[in-house]
Each structure stands twice: as C-alpha cells, then as structure tokens.
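Engineer: Here's a structure for you.
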Amino acid sequence: MKRRLRRFLLVGALVTFADLSLLMTVGIWLNTNWYLASVVSLVLSAALSFLMHKRVTFNDDVYSLIDHQPVAFIKAVTPALVADFLVFAGLVLLIDPGIFGVVASKAGSVMAASFVRFVTYRRVLFAAVRQEQMQLSVPKEILQHDKELSIVIPAFQAELVIGETIKKIREATNKYDAEIIVVDDGSDDLTSVEARRAGANLIITLDMNRGKGAAVRAGMSAATGRFCIFTDADLAYPAKQILSVAEELEKGWDIVVGNRRHPDSYQIVQASSLREVGSLCFNILTWFVLLGGYRDTQCGLKGFSSLAAKKIFTRSIIDGFGFDVETFHLGERLHLTLKEIPVVVENGQGTTVQLLRDATQMLRDVFIVRRLSALGSYHLSKVDDE
C-alpha cells in the first residue's frame, strides 16, 4: 500500500506538471486565451491521468473504479474538471492575467478540484460498494454444522443482567437448535457464575478486560452454528430481534446488521442529545475508512453466515469498540453481501463518562483500521483463494 501511495503521489505530481505546462504552452500559442487553453489542458491531462493511474497506480487494485467501473470513475472525475475550470476562470478575472497570475489561479483551481474530486469519488464509490453488497445470491454454503444458530454475548461486569438475558434469548430462539456463548471479558464479579447458572452452552473467560472486539472475536472463533449472531449483554435490543437477523441470514445474506437510523426503527428509551450528536459525528468520520456510507456502524446486533464470520474474525485485530468499523471494512474488502434491518432499542446505552471514554477510543481505532489496511495487515490478497 505504501508503494501504491508513492505511485499515486508521483503520478499526481506528473499530471499536475503536465496540466500546468500544457496550459502555459497552449495559452501562449493562443495569444493568452487562457479559457480555451484551460479546457485543452484539462482534457489532455485528464486523459493522461486516467491512463497513468490505470497502468501504474491501480494496476493491481481489484477495488479500483478505473478498471472495474470506468463509467462511475468518469462520473466522479467530471465535477472536479468543471470545478477546476470555473475556479481558474474566476481567479483569472480577479488576478492580473500575467504569467504569475495564471500560475496562482491554476494553483487555486487545482486545490479546489482536488477537494471536489475527493468528495465525488467517495460518493460514487459509496454507491458502487452498496450496490455490490445488495446483490443477494443463492447461498453457496454446504458445510455441516453442529448447531443452526450461535448467539455470542460479550459480557463485562454483567452479573445482574446476564442470567435474564440468557433466559430471554433461549425463549426467543427455541425454534432453532441454538447455542449461547457468553464471553466474560475479564469481569471481577460473578458474570461467569450467573451465566453458567442460567444455562449458557459455553462460557469463555478472558484473563483481563480486553474490549468488546476481543470478546466477540473469541466467541465467534468458538461458534459452531450455521449462523453466528452477537448481541449486547444488557439486551438493548429485544431478544426476538435475533430471529429477524437469522431469517435474513437464511435468505442468503452474508452479513445482517441492525440500523438504529432505519426509517422503521424506534427507541423505547431515547438516547441523550450528546450521544446522538456523538454517534452522528462518528459515523461521518467512518466515511474516511468505509465506502458503503452506513448510517449506523455501532449497533450491537449483528449476524453473519458461518463462512462470513470465519473470513472476518480470523482477520480482525481491533479489540475495542472500534471493531465494528473494522467488521464493516472487512466485509467491504471481502466482497460480502450486507443487509441492514430496523431495530427496537429498549435500554439506554452507557453514561456520559463512558461515552466520552469510548468515543476517544473509537476515534483512535478508526485511524488504526485505516493504517492496518494500508499496511496489508488484513491479508486481503488471500480472498481469491477462499
């Protein structure tokens, strides 16, 4: 990825130099008709950019719009070209149209075009990724499983609620041959004891509090079900909603996630305004890592086919709450289908102190995911072999 970034910067520098050189050459040749010169230089440099990025920068990137969706690529780049011309033309009118004025105007237009290109490219890529994720196919999975359904419950200091949670989940999923896996994330109370007393099929105890991501990963690694679902220990989402996730997985979706911002979702207990604003800001931030434009990455109800769970959780690294973003990122890069469903939120989720602490950690995790992906730590080159 570092090599690709270097190639990208090098190609960008060469194309910008070519754009400026063409502008000056054609402009002088046309007796300082800078507007026509700008059009000519933009068209030629855009063609050069397309060819060089295709052959040099993204020649080994299966996730590039240049090779796989050239029309989408053109749609993303065209607004940037228009912005470049309009800003350049406007600045030329305001600044002395001498050589230095033209160069300064071009510098301003290049910066404006770069911003527009970033925004439009991401928006087009959002749509392309979501379209791919929504292509439901006939389930290919023919593996045998010990259980139909595995429900993973990451739990920390949950002795007061875990027993009732297990009871409700057992009642809600009684039509399935289901297993309930409780992962005690280093609690120093009686979480494991209460989980065992309530009849959990498997209890995994981590030696220290490592985070929700680590707990979910441990549970998914031990799951034997055809479908694997995780939910919160305090049942913020009613147990019966596990059935909604399972039903969608049965249709063939690789990943099914709850979406609290779905038009059909509603909250019995309304979240605080601070939490709502924080959640919105965090989801906007995830656009720098995720391409699908999701409205809710942090919902605590998610399900996976066993094959999707294996692909994702054998690669995942993040231990904290940011693991949700990592899960979406891996789902995108592994080309897994994804379905968002409405949810009912019954319980409040954390205090202000927890919110601030967790938000800081999630912010850090977002950039870690981006860096890990850039470094190739997720071994995505193995995808075609699976």
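The values are calculated or read from the model by the stated rules, or taken from the named source; none is laboratory data. Values in this document were obtained by computation on a predicted structure and should not be read as measured data. Neighbour counts are summed over all protein chains in view; Cβ atoms, including those assigned to glycine, are modelled from backbone coordinates with ideal geometry.
Engineer: Tell me whether the stretch 176-191 contains one or more residues that are surrounded by fewer than 21 Cβ atoms within 10 Å (Cβ to Cβ) and touching a residue at least 60 places away in the same chain (Cβ under 8 Å).
Structural biologist: Yes, the conditions are met somewhere in the stretch 176-191.
Engineer: Tally the residues that are part of a helix (DSSP H, G or I) and of a type in the set (K, R), restricting the search to the stretch 305-327. Quick ask: steps written out before the conclusion?
Structural biologist: From the stretch 305-327, those part of a helix (DSSP H, G or I) are 306-313, 323-327; that's our starting set.
Still in the running and of a type in the set (K, R): 310-311.
Selection size over the stretch 305-327: 2.
Engineer: Have a look at F313, F304, F328, F321 and point out the one that is under 16 Å from G211 (Cβ atoms) and modelled with pLDDT of 90 or more. Can you show your working first?
Structural biologist: Working: F304 fails: under 16 Å from G211 (Cβ atoms); F328 fails: under 16 Å from G211 (Cβ atoms); F321 fails: modelled with pLDDT of 90 or more.
Exactly one of F313, F304, F328, F321 is under 16 Å from G211 (Cβ atoms) and modelled with pLDDT of 90 or more, namely F313.
Engineer: Would it be correct to say that L291 is surrounded by 18 or more Cβ atoms within 10 Å (Cβ to Cβ), more than 22 Å from E346 (Cα to Cα), at pLDDT below 95 and not β-branched (V, I, T)? Spell out the reasoning first.
Structural biologist: Numbers: surrounded by 18 or more Cβ atoms within 10 Å (Cβ to Cβ): yes; more than 22 Å from E346 (Cα to Cα): yes; at pLDDT below 95: yes; not β-branched (V, I, T): yes.
Against the criterion (surrounded by 18 or more Cβ atoms within 10 Å (Cβ to Cβ), more than 22 Å from E346 (Cα to Cα), at pLDDT below 95 and not β-branched (V, I, T)), L291 qualifies.
Engineer: Looking at the stretch 221-239 only, could you name the residues that are within 18 Å of Y176 (Cβ to Cβ) and either polar (S, T, N, Q) or in a loop (DSSP other than H, G, I, E, B) (or both)? Walk me through how you get there before you give the answer.
Structural biologist: Step one: list which residues in the stretch 221-239 are within 18 Å of Y176 (Cβ to Cβ), which gives 222-231, 235, 237-239.
Passing the criteria: A223, T224, T231, L235, Y237, P238, A239.
Engineer: For the stretch 25-37, which positions are over 16 Å from A89 (Cβ atoms) and assigned to a helix (DSSP H, G or I)?
Structural biologist: Residues satisfying the conditions are T25, I28, W29.
Engineer: How do the pairs read when you match residues in the stretch 197-223 that are free of Cβ contacts under 8 Å to residues at least 24 places away in the same chain with residues anywhere that are among the hydroxyl-bearing types (S, T, Y) and in a helix (DSSP H, G or I), using Cβ under 6 Å and keeping only pairs 6 or more apart or on different chains?
Structural biologist: Within 6 Å, the pairs are I203/S192; T205/S192.
Engineer: Can you tell which of F73, F126, F115 is assigned to a helix (DSSP H, G or I), over 22 Å from A46 (Cβ atoms) and either at pLDDT 80 or above or outside the structural domain of I255 (by TED's automatic domain parsing) (or both)? Lay out the reasoning, then the answer.
Structural biologist: Working: F73 fails: over 22 Å from A46 (Cβ atoms); F115 fails: over 22 Å from A46 (Cβ atoms).
Exactly one of F73, F126, F115 is assigned to a helix (DSSP H, G or I), over 22 Å from A46 (Cβ atoms) and either at pLDDT 80 or above or outside the structural domain of I255 (by TED's automatic domain parsing) (or both), namely F126.
Engineer: If you take the residues of the stretch 368-381 that are farther than 14 Å from L334 by Cβ and free of Cβ contacts under 8 Å to residues at least 60 places away in the same chain, which of them is surrounded by the fewest Cβ atoms within 10 Å (Cβ to Cβ)?
Structural biologist: The extreme case among them is R371.
Engineer: Can you say whether A233 is under 20 Å from T165 (Cα atoms), free of Cβ contacts under 8 Å to residues at least 40 places away in the same chain and out of contact with any Leu (no Cβ under 6 Å at 6 or more places or on another chain), as far as the supplied structure shows? Walk me through it before giving the result.
Structural biologist: Numbers: under 20 Å from T165 (Cα atoms): yes; free of Cβ contacts under 8 Å to residues at least 40 places away in the same chain: no; out of contact with any Leu (no Cβ under 6 Å at 6 or more places or on another chain): yes.
The answer is no for A233.
Engineer: All but one of (1) over 9 Å from the mean Cα position of the chain (by Cα); (2) modelled with pLDDT of 85 or more hold for E346; which doesn't?
Structural biologist: (2)
Engineer: V103: loosely packed, with under 15 Cβ neighbours inside 10 Å, in the same structural domain as I74 (by TED's automatic domain parsing) and at pLDDT 85 or above, yes or no?
Structural biologist: yes
Engineer: Here's another thing I want to ask about it. Going residue by residue through the stretch 167-187, is there one that turns out to be under 31 Å from the mean Cα position of the chain (by Cα), over 12 Å from A233 (Cβ atoms) and either acidic (D, E) or not assigned by TED's automatic domain parsing to the domain that holds L235 (or both)?
Structural biologist: yes
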